[in-house]
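Worksheet for the structure shown next.
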Amino acid sequence: MDNFMPSVNQQQLLGMVEDFIQTASSRHSALEGVIGLLASNYKHFNWTGIYILEDGVLKLGPYRGDPSPHVTIPVDNGICGAAVREGKTIVVPDVNADSRYLACSVATKSEIVVPISKNGSIVGEIDIDSDNPDAFKDDDQRILEMVAEKLGELF
């Protein structure tokens, strides 16, 4: 089996995301559950987290992986800020070649950031790092954008 293949299919994952959204006792616990699902089902996701946009600053929410030095990120900084400013998913195949990258781990080689929107406004984002170069493919982007769309319901 390919190391990059998820352990569940997209339909199953989206069903589990829906379950967390509908049954969680709070937004935080729903986000925590979804991050756990993503981190455990995609082996090339080495750091998986949610940032929540509050007053022009991205604030770290639930995550899986090593602690990040970036618990807050102004929207004018980093790839995370760029995703908010541009209002779209950003895939970085080589973080060392992108001057916007805010280093968290020397092991990180690639990153994907997917905005979460509610009624057309960005309210947060999914941020995922991989220790593999060029780790994020079209399938990853598609499923993460579907998950982000569902997470928008929590805000």
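The values are calculated or read from the model by the stated rules, or taken from the named source; none is laboratory data. What you see is a predicted model; the values in this text were computed from it and never measured. With ideal geometry, Cβ positions are generated from the backbone for all residues, glycine too; neighbour counts draw on all protein chains shown.
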Pairs where the first residue, in region 116-140, is without any contact (Cβ under 8 Å) to a residue 40 or more places away in the chain and the second is β-branched (Val, Ile, Thr), C-beta under 9 Å, 6+ apart = Ser117/Val123
key: Per-region count, region 101-118, residues out of contact with any Gly (no Cβ under 8 Å at 6 or more places or on another chain) and crowded, with 18+ Cβ neighbours inside 10 Å   = 8
message = Restricting to region 119-131, name every residue that is surrounded by fewer than 16 Cβ atoms within 10 Å (Cβ to Cβ) and either farther than 23 Å from Asn77 by Cβ or of a type in the set (Ser, Thr, Tyr) (or both).
response = Asn119, Gly120, Ser121
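On the given criteria, is Gly65 in contact with a strand residue (DSSP E or B) (Cβ under 6 Å, 6 or more places away or on another chain), crowded, with 17+ Cβ neighbours inside 10 Å and among the small types (Gly, Ala, Ser)?
Yes; evaluated as a whole, the condition is true for this residue.
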message = I'd like to know if region 39-58 contains one or more residues that are under 13 Å from Glu125 (Cα atoms) and among the aromatic types (Phe, Trp, Tyr).
response = yes
inquiry  = Condition check: part of a loop (DSSP other than H, G, I, E, B), more than 13 Å from the chain's Cα centre (by Cα) and closer than 20 Å to Val123 by Cα. Does His70 satisfy that?
reply    = yes
task = For region 81-94, state whether one or more residues are of a type in the set (Gly, Ala, Ser) and outside any helix (DSSP H, G or I).
result = yes
Residue ID - surrounded by the most Cβ atoms within 10 Å (Cβ to Cβ), chosen from residues in region 15-62 that are more than 26 Å from Ala103 (Cβ to Cβ) and acidic (Asp, Glu) = Asp19
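Looking at this structure, is Ile35 touching an Asp or Glu at 6+ places or on another chain (Cβ under 9 Å) and either assigned to a strand (DSSP E or B) or under 25 Å from Asp131 (Cα atoms) (or both)? So that I can check it myself, show each step before the final result.
Working: touching an Asp or Glu at 6+ places or on another chain (Cβ under 9 Å): no; either assigned to a strand (DSSP E or B) or under 25 Å from Asp131 (Cα atoms) (or both): yes.
Answer is no for this residue.
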inquiry  = Being of a type outside the set (Gly, Ala, Ser), touching a helix residue (DSSP H, G or I) at 6+ places or on another chain (Cβ under 6 Å), under 24 Å from Thr108 (Cβ atoms) and in contact (Cβ under 8 Å) with a residue 60 or more places away in the chain is true for just one of Val75, Val34, Val17. Which residue is that?
reply    = Val34
key: Count - residues of region 82-100 that are modelled with pLDDT under 95 and crowded, with 19+ Cβ neighbours inside 10 Å   = 1
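Can you spot a residue in region 40-50 that is without any contact (Cβ under 8 Å) to a residue 40 or more places away in the chain and either outside any loop (DSSP other than H, G, I, E, B) or in contact with a Ser or Thr (Cβ under 6 Å, 6 or more places away or on another chain) (or both)? Break it down stepwise before answering.
Of the residues in region 40-50, the ones without any contact (Cβ under 8 Å) to a residue 40 or more places away in the chain are 40-41.
If we keep only those that are either outside any loop (DSSP other than H, G, I, E, B) or in contact with a Ser or Thr (Cβ under 6 Å, 6 or more places away or on another chain) (or both) too, we end up with 40-41.
Yes, because at least one residue in region 40-50 is without any contact (Cβ under 8 Å) to a residue 40 or more places away in the chain and either outside any loop (DSSP other than H, G, I, E, B) or in contact with a Ser or Thr (Cβ under 6 Å, 6 or more places away or on another chain) (or both).
Out of curiosity, is Ile116 under 18 Å from Leu14 (Cα atoms) and touching an Asp or Glu at 6+ places or on another chain (Cβ under 8 Å)? Show your work before the answer.
Details: under 18 Å from Leu14 (Cα atoms): yes; touching an Asp or Glu at 6+ places or on another chain (Cβ under 8 Å): yes.
Yes, satisfied.
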